[in-house]
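K.L.:
Would you mind keeping the following structure in view while I ask a few things?
The values are calculated or read from the model by the stated rules, or taken from the named source; none is laboratory data. Fair warning: this is a prediction, and the values are worked out from it, not measured in the lab. Positions of Cβ are generated from backbone atoms using ideal geometry, with glycine treated the same way; all protein chains shown enter the neighbour counts.
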Amino acid sequence: MTTPLDSRQLRAFAALARLGSVTGAAQELRLTQGAVSHSMKALEKEIGCRLFTRGRRGVTLTPAGRRLQEHADRILAEMAAARAIAR
């Protein structure tokens, strides 16, 4: 059985995918740039493929990253809904 994805990594992934900037994602999440980069490298290693293409002007999603983004957005929305219901 595989381990579930880490919700913190998923949030960092979603922010980075949406913003295309490690700096922007770090600011939004109130993390360091290094923490976001490390988290994405760990996620890529865990999943077994590259999720981003890194360039001078930021990052862009690979095809695998685009597929994961669809799921990540739904998962994070469900997590927010579950949190709201529990209040």
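K.L.:
Could you please find all residues in region 38-58 being buried (at least 17 other Cβ atoms within 10 Å of the Cβ) and either more than 18 Å from Asp73 (Cα to Cα) or polar (S, T, N, Q) (or both)?
P.N.:
So the first thing to find is which residues in region 38-58 are buried (at least 17 other Cβ atoms within 10 Å of the Cβ), and the list is 39-40, 43-44, 51-52.
The answer is Ser39, and nothing else.
K.L.:
On to the next question. Could you tell me how many of the residues in region 1-47 are over 19 Å from Ala64 (Cβ atoms), part of a helix (DSSP H, G or I) and of a type in the set (D, E, K, R)?
P.N.:
Matching residues across region 1-47 total 2.
K.L.:
If Leu5 satisfies every condition in (1) at pLDDT 95 or above; (2) out of contact with any strand residue (DSSP E or B) (no Cβ under 7 Å at 6 or more places or on another chain); (3) surrounded by 16 or more Cβ atoms within 10 Å (Cβ to Cβ) but one, which is the exception?
P.N.:
(1)
K.L.:
For region 51-67, does any single residue satisfy the condition of being touching a residue at least 24 places away in the same chain (Cβ under 8 Å), more than 12 Å from the chain's Cα centre (by Cα) and over 17 Å from Val22 (Cβ atoms)?
P.N.:
The answer is no, given that none of the residues of region 51-67 is touching a residue at least 24 places away in the same chain (Cβ under 8 Å), more than 12 Å from the chain's Cα centre (by Cα) and over 17 Å from Val22 (Cβ atoms).
K.L.:
Every residue in region 48-71 that is in a strand (DSSP E or B) and at pLDDT below 95, please.
P.N.:
Step one: filter region 48-71 for residues in a strand (DSSP E or B), giving 52-55, 58-61.
Within region 48-71, Arg54, Gly55, Gly58 meet the criteria.
K.L.:
Another question, if that's okay. Among Arg83, Arg74, which is of a type in the set (Lys, Arg), exposed (fewer than 10 other Cβ atoms within 10 Å of the Cβ) and outside any loop (DSSP other than H, G, I, E, B)? Even if it seems obvious, please write down each step before you answer.
P.N.:
On the way: Arg74 fails: exposed (fewer than 10 other Cβ atoms within 10 Å of the Cβ).
Every option except Arg83 fails the conditions.
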